[in-house]
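Here's the structure, in structure tokens; my notes come after.
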Amino acid sequence: MSFNTFGHLFRVTTWGESHGPAIGCTVDGCPPGIPLTEADLQPWLDKRKPGTSKFTTQRKEPDEVRILSGVFEGVTTGTPIQLMIENTDQRSKDYGDIATAFRPGHADITYHQKYGVRDYRGGGRSSARETAARVAAGGVARAVLARLMPGVQISGYMVQMGTQGIDRSRFDAGQIGENPFWCPDPVAATEWATYLDDLRLSHNSVGAVIEVVATGVPAGLGAPLYGKLDSDLAAAMMSINAVKAVEIGDGMASAALTGVENADEIRMGADGPEFLSNHAGGILGGISTGQPVVCRFAVKPTSSILTPRQTINQRGEEIDLITKGRHDPCVGIRAVPVGEAMMACVILDHLLRDRGQTGGVRGVIGGQ
């Protein structure tokens, strides 16, 4: 299987399977001299790890990351950083019933059609477990950004679960870490708890929409046409397991706007241009404007459920399938830190590419 690497100058290659001995990644292109230890990475992995509430899979994984290379005496050396996370709580026997059957809505069937062989234990590479490696890599990217561009802040949160969305008039960033859904609306978080508990007990699952915002991103990151910041963000978010749609700024809602409504008007401020709105999500022509970079992605419902679904097996026989095991009733919950990690990796990659092409030189507007 190829194409396990993303990024251009800051490159991440993930490896490992859900029920193998370990998963991890190789991070290449990290600048030297960046302070980095396992303790810098672990908090991000703790946000994503399973078993944190009754609303996530009850698989118990500590997700303790080890740095195997690329760091000496507490700082990066500029050489490849190898990160490893051991798998400690696999229950492969739960997947015996799907060894030759295909879960509806899952990558089982396409992996078999393409490769003729698949690791059915937890889905192998198609498992959401793979995203732990991305979160570890995102921790490295955050450490570099903190040194090179300390004003950048990245925050992800859930804005919709199933048909139930947040009320943005109640948006409270302080609430994001205070509930199991990373939800900025405390009222919605309470309602979602009941909603998801009912779905979980009825052997069902549901999708979600995650929003990730990067503030403090300077103007000028990204390049026209084939190196757009938003196209790389879209590709990064779409590569996350179970993601089916991505939008930047107003996204699909832009189609319902007029030109008058959609135009982000500009005035001259004391420190340079100031935009009066942000329908574009902080990116114009593939290049950052200096406004918050706003990205949303939709996560489909977990395919592995205990409700019987019609499918076929490898012999082509029609069967009804129940998927046993420990699965997230809403995989979107643990996708929040994954989205943050992918945002960090893309922003850093574009910062390094910009430094290589322009050296950070910018066009002058007014008295800038």
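The values are calculated or read from the model by the stated rules, or taken from the named source; none is laboratory data. None of these values were measured; they are calculated from a predicted model. Glycine gets a Cβ as well: all are built from the backbone with ideal geometry, and neighbour counts include every protein chain shown. Keep in mind that these areas ignore ligands, DNA and RNA; they rest on the heavy atoms of the full protein, side chains included. Shrake-Rupley method; radii C 1.70, N 1.55, O 1.52, S 1.80 Å.
From E340, E274, grab the single residue that is at pLDDT 95 or above, open to solvent by less than 60 Å² (accessible area, probe 1.4 Å) and outside any loop (DSSP other than H, G, I, E, B).
Matching residue, one of E340, E274: E340.
Would it be correct to say that A280 is surrounded by fewer than 19 Cβ atoms within 10 Å (Cβ to Cβ), at pLDDT 95 or above and not in a strand (DSSP E or B)?
Answer is no for this residue.
Do we find a residue being closer than 16 Å to I347 by Cα, of a type in the set (V, I, T) and not in a strand (DSSP E or B) anywhere in the stretch 231-254?
no
Scan T258, T215 and give me the residue that is out of contact with any Pro (no Cβ under 9 Å at 6 or more places or on another chain) and at pLDDT 95 or above.
On inspection, the qualifying residue turns out to be T258.
What are the pairs with Cβ atoms under 7 angstrom where one residue, in the stretch 109-133, is farther than 22 Å from L83 by Cα and the other, located anywhere, is of a type in the set (V, I, T)? Sequence gap at least six, or different chains.
Y120/I98
Output the number of residues of the stretch 5-23 satisfying the condition of being at pLDDT 95 or above and either at positive phi or not in a strand (DSSP E or B) (or both).
4
What is the one condition in (1) open to solvent by 30 Å² or more (accessible area, probe 1.4 Å); (2) at pLDDT below 95; (3) within 23 Å of I240 (Cα to Cα); (4) polar (S, T, N, Q) that N87 does not satisfy?
So N87 meets the others, but not (1).
F297 is checked against (1) part of a loop (DSSP other than H, G, I, E, B); (2) touching a helix residue (DSSP H, G or I) at 6+ places or on another chain (Cβ under 6 Å) and fails just one. What number does that condition carry?
For F297, the failing item is (1).
Condition check: on the phi > 0 side of the Ramachandran plot and modelled with pLDDT under 95. Does G325 satisfy that?
yes
When you scan the stretch 177-186, how many residues do you find that are part of a helix (DSSP H, G or I) and either touching a strand residue (DSSP E or B) at 6+ places or on another chain (Cβ under 9 Å) or within 15 Å of P337 (Cα to Cα) (or both)?
Counting residues in the stretch 177-186 that are part of a helix (DSSP H, G or I) and either touching a strand residue (DSSP E or B) at 6+ places or on another chain (Cβ under 9 Å) or within 15 Å of P337 (Cα to Cα) (or both) gives 2.
Could you check Q160 against (1) closer than 29 Å to L36 by Cβ; (2) crowded, with 18+ Cβ neighbours inside 10 Å; (3) under 17 Å from the mean Cα position of the chain (by Cα) and say which number it fails?
Result: Q160 passes all but (1).
Name the residue, out of G174, G220, that is assigned to a loop (DSSP other than H, G, I, E, B) and out of contact with any Phe, Trp or Tyr (no Cβ under 9 Å at 6 or more places or on another chain).
The conditions single out G220.
Return the residue satisfying two criteria in turn: it lies in the stretch 187-213 and is among the small types (G, A, S) and assigned to a helix (DSSP H, G or I), and of such residues it is surrounded by the most Cβ atoms within 10 Å (Cβ to Cβ).
Only one residue fits best here, namely A188.
Quickly run through the stretch 3-33 and pick out the residues that are open to solvent by 30 Å² or more (accessible area, probe 1.4 Å), closer than 12 Å to Q82 by Cβ and in contact with a Cys (Cβ under 9 Å, 6 or more places away or on another chain).
T13, W15
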